[in-house]
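None of the figures in this text is laboratory data; all of them are computed from the coordinates on show. Bear in mind the structure is a predicted one, so any value in this text is a computation, not a measurement. Positions of Cβ are generated from backbone atoms using ideal geometry, with glycine treated the same way; all protein chains shown enter the neighbour counts.
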Amino acid sequence: MSLLELNNVTLKFGGVTAVNDLTMSVEEGQVYALVGPNGAGKSTVFNMISRFYRPAAGSITFDGHDLLKLKSHEVPQLGIARTFQNIELFDRATVLQNLLVGRHRLRRTTLVEEMFFVGRARAQEREHRLAVEEVIDFLDLQPYRNQMIAGLPYGVRKVVELARALSTKPRLLLLDEPASGLSVEETQDMRWWIDDIRRQMGITVLMVEHDMGLVSKVCDRVLALDGGKKLAEGTPAEVQSHPKVIEAYLGTGAISKTANAKGERV
Amino acid sequence: MEFMQLLLSGLANGCVYGLVALGFVLIYKATEAVNFAQGDFMMLGAFVMLGLVNPQYMGMNFWLAVPIALLIMGALGYLLDLTVLRHMFGQNQTAIVILTIALGFVIRFVTGAIWGHEPVNLHSPLALGDIRAFGVVLSLADIAVIIVTVIMTMLLWQFFQRTKLGLAMQAASQNQMAAYYMGIPVKRVQGAVWALAGMVACVAGILYASKGSLDISAGFIGIKAFAAAVIGGFGSLPGALMGGLIVGVIEPFAARYLPPGYSQIAPYALLILVLIFRPHGLFAQVRTKKV
């Protein structure tokens, strides 16, 4: 059984079919990318997995759990974390505080214990702080630990969001355009981190990304979407050279021209 | 000695303003809505307590009645959110303002219908006796108000800094979307904020009624408390309390040293000055412009 399975999922907004009869499965330990032009339905897939949209038809399961039965705040409890294309952080809090909120789902203490900081609250606080420090070390966020989010540069905030997602101790990490807006160096760092997240932490990654360079370096499997439909699925090289994918990106006339350039960047 | 006397009685009044202002800020922080019925919440809390304690109603023991009144007001706050305010989600701010003003009217007249429109006195053990020391006379109620407010503030502080629910409230108030992804049930948490605001209002109401007579117009104290919250910097809990204390202290001093009538105006004059010179309030947490 795959870790994440979407079966014949369809979602409509009024007359527009945002996702059309999509079936896909992500195996444990994979780095899986969704690619496609703007409006292809990639983020919509994310929003269905995190239960902000309810598909009109089809099923979504995570590790055997029916995700469609859950409310959006229950999804993280299963170990699904997410970052956003437009960065959604707690702006009036420090980096450290943001990461500590990430531990919310793992807090197992009563109000009274927390209030007077007795019993399990002490040991658990230490545990949460340690876990968060590990993430800070992993992503080199030490210089920013106590800075307010509101004043941080874009690239750093992007990393903080990734750090917060990792603080929730996920099994599946959804990354919505992890490299968008990043410089070449920052994109390089992101690439190594995604590699390490999979190798060292054993976290499965599902990402939406436009940067095909990054996708072909870190992903095992790619699914190309257009108009809510699956165009192609396979290894990065297979998908990039698929005629339908080239057509969706460059228009019909482009096929013959790029036919020679198989395997090159789209 | 006169100075001390004015200061202490001003502080006692200011604590009540501060507690009502805390209620304003709690709800504003969590839901971005201003609850103009907060003063009437306080008045209702006082009447609920009176209904439990006074001999012509249930005649319960005062200390036993305190947690019950708190629970009733907490439940009421939660239910109000569940049945009315949650459905206003995404509506225009003005609509929510009008709604809460209307809620205030409803609370006032329902209270009048149940407990009457005449001024009444809560049978409070705090309302008995004065303490004289160093030439200053303070009623027991004034002292109780100050002590309870200090304790309440410390508990609320602990609650927001340390507890899972308190942190969830802060998170939900800053970014609802992100809060959902951290596993925080945002709507339920907002309901809990309304419950908390109801309980804080109840404490304020019990203290208010212990200090003097009570009638259904007591809720208009909310206007002064609103001024206090703005002076302190809307959105800051310690600011709300400090704003309340400042307004409370200004009143007796203005009454003593300024011509008659000015003590009524003084808090609002200060409000205007603060709005002109420090529009984010005296104790604002954020001073940069929100885009």
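Cα-Cα over 29 Å: which of A:LYS69/A:LYS169; A:LYS71/B:LYS29; A:LYS158/A:LYS244; A:LYS12/B:LYS187; A:LYS71/A:LYS158; A:LYS71/A:LYS230? In this structure, A:LYS158/A:LYS244 exceed 29 Å between Cα atoms. Longest stretch of chain A clear of exposed loop sites (GluC sites (Glu not before Pro), DSSP loop, at most 14 other Cβ atoms within 10 Å, sites excluded): A:29-263. The distance between label points at A:ARG145 and B:ALA269 comes to 5.1 nm (points 7 Å beyond Cα on the Cα→Cβ vector). Less than 5 angstrom separates the built amide H of A:TYR53 from those of A:MET48, all sequence-distant by 5 or more or on a different chain. Per-residue ellipticity at 222 nm, computed for chain B from helices alone with -39500 (n - 2.57) per DSSP H run of at least four residues, works out to -24000 deg cm²/dmol.
For chain B, hydrophobic long helices are taken as DSSP H runs at least 18 Å long by C-alpha position along their axis with mean Kyte-Doolittle hydropathy of 1.0 or more; these are B:2-31, B:38-53, B:62-83, B:93-115, B:140-162, B:186-211, B:237-257, B:262-277.
Ordering A:CYS219, B:CYS202 by the number of other Cβ atoms within 10 Å of each residue's own Cβ, fewest first, gives A:CYS219, B:CYS202. Go through A:THR109, A:LEU130, A:ASN146 and say which Cα lies farthest out towards the positive end of the charge dipole of the stretch A:91-169; charges sit on Cβ, +1 for Lys and Arg, -1 for Asp and Glu. Highest projection toward the positive end goes to A:THR109. Amide H contacts for B:SER139 (H built 1.01 Å from N in the peptide plane; partners 5 or more residues away or on another chain; cut-off under 5 Å): B:ILE131. FRET efficiency for the B:ARG132 to B:SER213 pair, using the beta carbon distance and R₀ = 22 Å, is estimated at 0.40.
Would you work out if the protein assembly as shown is rounded, prolate or oblate? Take a ≥ b ≥ c from the square roots of the eigenvalues of the alpha-carbon gyration tensor; rounded if a/c is under 1.5, else prolate when a/b is larger than b/c, oblate otherwise. Here the protein assembly as shown falls in the prolate category. Taken about its Cα centre, the stretch A:30-130 carries a charge dipole of about 100 debye when Lys and Arg each add +1 at the Cβ and Asp and Glu each add -1 at the Cβ.
Once the Cβ-Cβ distance between B:PHE89 and B:VAL110 is put in as r, and R0 is 25 Å, what FRET efficiency do you end up with, to the nearest 0.05? Between B:PHE89 and B:VAL110 the formula returns 0.50. Model label sites at A:ASP220 and B:TRP63, defined 7 Å from Cα along the beta-carbon direction, differ in position by 6.5 nm. Stretching B:MET4 away from B:LEU155 to a fully extended chain increases their span by 51.6 nm, per 0.36 nm per residue minus the current alpha-carbon distance. With the simple model of a label 7 Å out from the Cα in the direction of the Cβ, B:LEU82 to B:TYR262 spans 5.2 nm. Think of each Lys and Arg Cβ as +1 and each Asp and Glu Cβ as -1; about the Cα centre, that makes the dipole of the protein assembly as shown roughly 240 debye. For the stretch A:91-169, the convex hull drawn through the C-alpha positions has a volume of 87 cubic angstrom per residue. Converting phi to 3J(HN,Hα) with the Karplus coefficients 6.51, -1.76 and 1.60 and the offset θ = phi - 60°, the stretch A:143-148 yields x, 9, 2, 9, 8, 5 Hz in sequence order, with x at every glycine or proline. The orientation-averaged shadow of the Cα convex hull for chain B, equal to a quarter of the hull surface, comes to 16.2 nm².
Counting only Cβ charges, +1 for Lys and Arg and -1 for Asp and Glu, the dipole size of chain B around its Cα centre is about 880 debye.
Taking DSSP loops as anything outside H, G, I, E and B, show the longest stretch in chain A free of trypsin sites (Lys or Arg not before Pro) there with at most 15 other beta carbons within 10 Å. Maximal segment without exposed cleavage sites: A:146-261.
Highest mobility in the GNM of chain B, judged by mean-square fluctuation with C-alpha springs under 10 Å and restricted to B:GLY74, B:GLY183, B:GLY222, is found for B:GLY183.
Taking the stretch A:88-102 and a reference point 7 angstrom along Cα→Cβ of A:GLU133, the backbone N atoms nearer than 20 Å belong to A:94-102. Under 1.5 on a/c is rounded, so check that first for the stretch A:164-243, then, if it is not, pick prolate when a/b is larger than b/c and oblate when it is not; a ≥ b ≥ c are the square roots of the alpha carbon gyration tensor eigenvalues. Judged from the Cα gyration tensor, the stretch A:164-243 comes out prolate (a/c at least 1.5, a/b above b/c). Annotation: amide H-H contacts under 5 Å for A:GLN147 (H modelled 1.01 Å from N, sequence separation of 5 or more, or interchain): A:VAL95, A:LEU96. Given the DSSP H assignment, sum -39500 (n - 2.57) over each helix run of at least 4 residues in chain A and divide by its residue total; what's the result at 222 nm in deg cm²/dmol, nearest 500? Calculated mean residue ellipticity at 222 nm is -10500 deg cm²/dmol.
For chain A, the longest principal axis of the alpha carbon atoms and the long axis of helix A:184-199 meet at an angle near 70°. Structure remark: mean-square fluctuation, Gaussian network model of chain A, C-alpha springs under 10 Å; the largest value among A:LEU206, A:LEU172, A:LEU70 belongs to A:LEU70. Prolate is the label for the stretch B:63-142, because a/c, from the alpha-carbon gyration tensor with a ≥ b ≥ c as root eigenvalues, is 1.5 or above and a/b exceeds b/c.
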